[in-house]
1. Lys/Arg Cβ at +1, Asp/Glu Cβ at -1, dipole of the chain taken about the Cα centre: which of P136, T73, T91 is farthest positive-ward?
2. Of the trypsin sites (Lys or Arg not before Pro) in the stretch 154-254, which ones lie in a loop per DSSP and count no more than 11 other C-beta atoms within 10 Å?
3. Can you pull the Rg over Rh of the chain, Cα-only, Kirkwood?
4. Using only Cα atoms, find the angle between the long axis of helix 193-203 and the longest principal axis of the chain, and express it within 0 to 90 degrees, rounded to the nearest 10.
5. I'd like the chymotrypsin sites (Phe, Trp or Tyr not before Pro) in the stretch 150-184 restricted to DSSP loop residues with at most 13 other Cβ atoms within 10 Å, sorted by number.
6. Calculate how many DSSP beta bridges within the stretch 1-87 are antiparallel, expressed in % of all such bridges and rounded to the nearest 5.
7. In a GNM of the chain with a 10 Å cut-off on Cα contacts, which of V208, V100, V26 has the highest mean-square fluctuation?
8. Pull up the cross-link candidates among the aspartates and glutamates for K18, meaning alpha carbon to alpha carbon under 13 Å and not fewer than 8 places away within one chain.
Amino acid sequence: MKLSVVVPCFNEEDNIDKLKTEFFPVIENLLGGRLDGGQIDAIEVIFVDDGSRDNTYEALKSAFSGYAHPSVTVKFEKHPVNRGLGAAIRTGFGVVTGDVVMTTDSDGTYHFSTMPALLEHLNGEVAIVTASPYHPKGEIVGVPGYRIFLSKGSSLLYRILLNWKIHTYTALYRAYRREVVDNIPFAADDFLGGTELMVKAMLKGYKVDEYPAALHRRMFGVSKAKLLKTIKSHLGFQFRLLLHRLHVRSMFAT
């Protein structure tokens, strides 16, 4: 099986060394590992620079364009201007060739070393595995309380509207079967993008499992979440989801 890993980046020049020392060793160790009854025999890494204003793109290419491994390839995509996380995910999805697609934060807020454990959950009928710091067995380490309050509150509304058993709807750190990537379109360019994708997949009947994860604070740089805009996007999507649920119920009632 081939694994694709999409890594969106925005002003992440300071995290290049972390990618060298923590990310790529995990990637290499994944080779030969088991994945849903198969074996990972090839991996591609797609870095998507989302219009960084620092030297992220040049630093990525300088560090990894000469990366040489017979079973690992590295691709680079670049937005001329900052378009948002959802747009970066779509750009990455547009060039993936793997059977399974992972997305991960470039700053390691979910430790790269947990990638094998997350992938273990992608088995049987499970089509999406999402990291879940809000799961009872999950953990939050050093992240500002106001950010957790807003993110957890947003996930709580999705739980009420969609599926109470899923605790976290807002994580980027996930694994998808290729059919989800190919069959579920999403329109949001901002931080709503990943949530929209998972919600629409769930509405289509795709099964989601959670990997109880530890979410850590960033060691370098600042969070890219534009909180007020992100809250507005989620509330608008949740309102549309509520209308959809009410419409479905009214159809069955009649």
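The values are calculated or read from the model by the stated rules, or taken from the named source; none is laboratory data. Because the structure is a prediction, the values reported are computed rather than measured. Note that each Cβ is placed from the backbone with ideal geometry, even for glycine, and that neighbours are counted across all protein chains shown. Areas reflect the complete protein model, heavy atoms only, side chains present, ligands, DNA and RNA absent. Shrake-Rupley method; radii C 1.70, N 1.55, O 1.52, S 1.80 Å.
1. Looking along the dipole axis, the top candidate is P136.
2. On the way: sites: R159, K165, R174, R177, R178, K200, K204, K207, R217, R218, K224, K226, K229, K232, R240, R245, R249; in loops: K165, K204, R217, R218, K224, K226.
Sites meeting the loop and neighbour criteria: K165, K204.
3. On the way: Rg = 17.8 Å, Rh = 18.6 Å.
Rg/Rh: 0.96.
4. The two axes meet at around 50 degrees.
5. Details: sites: Y158, W164, Y169, Y173, Y176; in loops: W164, Y169, Y173.
Within the stretch 150-184, the qualifying chymotrypsin sites (Phe, Trp or Tyr not before Pro) (loop, at most 13 other Cβ atoms within 10 Å) are W164.
6. Numbers: 3 of 19 bridges.
So the antiparallel bridges in the stretch 1-87 amount to around 15 percent.
7. V26
8. The qualifying aspartates and glutamates are D105, D107.
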